1. So how do 163-171, 80-88 stack up, highest first, on mean other-Cβ count within 10 Å?
2. Output ³J(HN,Hα) for the stretch 223-237: one whole-Hz value per residue in order, computed from phi by the Karplus curve 6.51 cos²θ - 1.76 cosθ + 1.60 with θ = phi - 60°, and x for Gly and Pro.
3. Starting from a Cα-only point model with no solvent, please compute log10 I(q)/I(0) by Debye for the stretch 70-144 at q = 0.17, 0.22 1/Å.
4. Simple spin-label model, 7 Å along Cα-to-Cβ: Ala137 to Leu194 in nm?
5. Can you give me the C-alpha center-to-center distance between the stretch 92-115 and the stretch 119-139, rounded to a whole angstrom?
6. Give me the mean projected area, in nm² to one decimal, of the convex hull enclosing the Cα positions of the stretch 148-252.
7. Through the Karplus equation 6.51 cos²θ - 1.76 cosθ + 1.60, θ set to phi - 60°, convert the phi angles of the stretch 22-29 into ³J(HN,Hα) values in whole Hz; use x for Gly and Pro.
8. Would you grab the residues whose amide H sits under 5 Å from the one on Met117? Only those 5+ places off in sequence or on another chain, please, with H modelled 1.01 Å from N.
Amino acid sequence: MGEDDFSHVESSTTDPTTFTEFAAQMAELMKIQASTSNTTPTPTPTITYETSPAQIGIKLDGSNYALWSQVIEMYVAGKDKLGYLTGELPAPSQTDSTFNRWRTENAIVKGWLINSMEPRLIGNFIRFSTAKGVWDAIATTYFDGSDTSQVYDLKRRISRMRQGGGSIEAYYNDLQGLWREIDFRRPNEMKCELDIKKYYDIIQEDRVYIFLDGLDDRLDKARSDVLQMSPFPTVEQAYAHVRREDIRQTVMLGAPTPTGVGLATKGTYRPSRPIPTAHLQLQTAANKTTPPSRPKAPTDGSGCTHCGNPKHTRETCFKLHGYPDWWDGLKARKLAAGGTGRAALVTSDPLVTLIPHEESTSTSEKDSSSFSNSGYSHQGDHWSWY
């Protein structure tokens with residue numbers, strides 16, 4: 001390359017016009033690049049579907065529609081697909097771009113309904129094309145809000161319900177289930193807030209009365225306490241108070257029985273501590289002729305229906321069940337002394353006076369059998385035989 005060529009290149013690159021055009025092009029290019037980098041790209045829409053099986057803990061069996069429908073409605077609403085049941089999401093045209101998505105989600109909701117039925121009921125509803133069709137058909141088949149016979153049955157079951165010795169939790173839960181069913185079938189149509197509150201207070205008060213009326217008699221004190229509360233409690237508050245009393249009684253009545261209170265009815269008595277020899281000899285000598293000390297005769301008007309004696313009951317009547325071994329000796333001493341015949345061994349050891357001891361194994365078995373057959377007990381009124 002000659003010198004003329006180099007001079008030509010140098011002159012072209014240093015030409016002011018060419019440099020200005022080049023700078024303008026670079027500025028335009030940088031402006032386009034900056035505007036492109038500041039623009040957020042639009043994400044491509046993706047469609048996700050609920051493919052996991054529905055975790056519904058109840059199946060429609062034809063008799064539990066009220067509870068089943070509430071559980072299903074809550075579950076579907078939680079998946080944001082309640083419109084498929086209510087009709088708020090009708091089927092679009094098949095040419096619409098959203099049709100495929102609607103068809104898929106409609107099938108999912110319909111599957112939830114079908115899978116939450118007993119197998120014997122599926123054939124009645126599987127042919128409906130939409131989830132709303134299945135939903136409406138089930139409601140038509142199993143529910144009629146104006147069915148007065150069902151409301152009557154609920155009211156009757158509530159009025160006859162009693163605790164009956166069962167747990168207070170089961171009794172209360174059964175009542176609440178029936179009350180919820182009635183509320184579902186007979187909703188409050190009032191509009192005024194004051195009227196609604198007044199109606200609610202009346203309903204709560206009536207339900208407290210029903211709950212208290214069905215309690216066992218052992219909870220009568222708790223029943224009285226609830227009725228005296230001010231302000232008058234709701235049924236939930238009444239249940240909480242009664243439940244605390246029920247727990248208290250369970251704990252107190254379940255306490256162990258003090259040692260030495262019960263009488264031995266069979267076998268050989270073995271005291272937890274040694275009995276003084278003098279006491280044992282006195283007790284052994286008295287066992288053949290002296291009955292245990294007796295409490296007071298019954299004063300409630302009850303008596304023996306066999307012999308008519310008001311001082312003992314039929315279960316402990318000697319004329320009916322036989323006389324004990326010490327009866328003849330006691331009768332003879334009573335006639336000789338002209339007294340009441342109350343012969344009892346008094347010692348310093350309460351265990352000796354409550355539980356008779358024996359001379360030998362054969363004597364123990366004989367005495368124990370006599371006591372058992374005669375109905376000896378420390379709790380009854382059967383000590384007053386004479």
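FYI, it's all coordinate maths here, none of it is from the lab. Everything numeric here is computed off the predicted structure, so don't read it as measured data. Ideal geometry is used to build each Cβ from the backbone, glycine not excepted, and the neighbour counts take in all protein chains shown.
1. 80-88, 163-171
2. 4, 5, 4, 5, 5, 9, 5, 9, x, 5, x, 6, 5, 5, 5
3. For the requested q values the scattering log ratios are -0.64, -1.02.
4. About 5.0 nm, to one decimal.
5. 15 Å
6. About 7.2 nm², averaged over all directions.
7. Here the 3J(HN,Hα) series is 5, 5, 5, 5, 5, 5, 5, 5 Hz.
8. Hits under the 5 Å cutoff: Leu60.
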